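All of the numbers you see were taken from the coordinates with simple rules; none came from a lab. Note that the coordinates shown come from a computational prediction; the quantities given were computed from them, not determined experimentally. All Cβ positions, even for glycine, are placed from backbone atoms using ideal geometry, and neighbour counts span all protein chains on display.
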Amino acid sequence: MDYAPARFHASARKLAEQGGDFAYTPENQAKFDAVVQRYPADQRKSAILYALYLAQGQQGYLSPAAMSHVAHHIRCTAAEVEDVVSYYTMFFTKPVGKYVINVCRTLSCALLGAERVTEQLSEVLGIAPGETDPTGTFTLLEVECLGACDRGPVLMINDTDWHERLAPENVRTFVDDLRTRGVGALTGCHLHKEGGKT
Ligand code: FES
């Protein structure tokens, strides 16, 4: 059987897609103000991840204007904000799909077939990792360990929803179910279930 050569993560500066002007909504401004006051005045930069999550939650991704807005609020340079955005895979610099499918590719999941899962997802969705399908429904990403290594291959959908033990041969059904039933089609996280949460 032929296998594709292993792909290794390469950190790359992501050029942000232009958007219009950006400012927090009054609700998000109030949330930011409440959180930033927990930090000493000379350490406002410590609120950068929260500030970015607020901006991304509001806009769907982080445009240059959104990053400038965050930089202004936490009193650092736009370049410092860009450094953080380019480091973390959970920040997006262009619009993403309704469902962002994050496939864990770290060792345990890799040994359990994660690369085949990603290949099948690419084939079924018609996109490569890092891309969004033309309907704006799915974005496919590869990420590092999601912390459920004995239940691989593990997928995280958006920031909150979870699917475990996705076999490559079940990918097409998985995509169809996600498309028709939404996150209700997912297995969820076994730790939540064992802890009494669903
Ligand atoms: S290696 Fe995939 S969840 Fe840890």
- Translational diffusion of the chain, µm² s⁻¹ [Kirkwood Rh, Cα pairs; Stokes-Einstein; 20 °C; 1.002 mPa s]: 117 µm²/s
- Item | Fewest-first ranking of Val154, Val36, using other Cβ atoms within 10 Å as the exposure measure | Val36, Val154
- Task: Would you work out if segment 99-194 is rounded, prolate or oblate? Take a ≥ b ≥ c from the square roots of the eigenvalues of the alpha-carbon gyration tensor; rounded if a/c is under 1.5, else prolate when a/b is larger than b/c, oblate otherwise.
- Result: oblate
- Amide hydrogen neighbours beyond the local backbone of Gly130, cut-off 5 Å, H modeled: Leu140, Leu141, Glu142
- Message: From the phi angles alone, apply the Karplus equation (6.51, -1.76, 1.60; θ = phi - 60°) to segment 182-191 and give each ³J(HN,Hα) in whole Hz, x where the residue is Gly or Pro.
- Response: x, 5, x, 7, 8, 6, x, 9, 4, 5
- Message: Can you give me the Kirkwood hydrodynamic radius for segment 26-87, using every pair of distinct Cα atoms, in Å to one decimal?
- Response: 11.5 Å
- Mean shadow area (nm²) of the C-alpha convex hull around segment 132-181 is 3.9 nm²
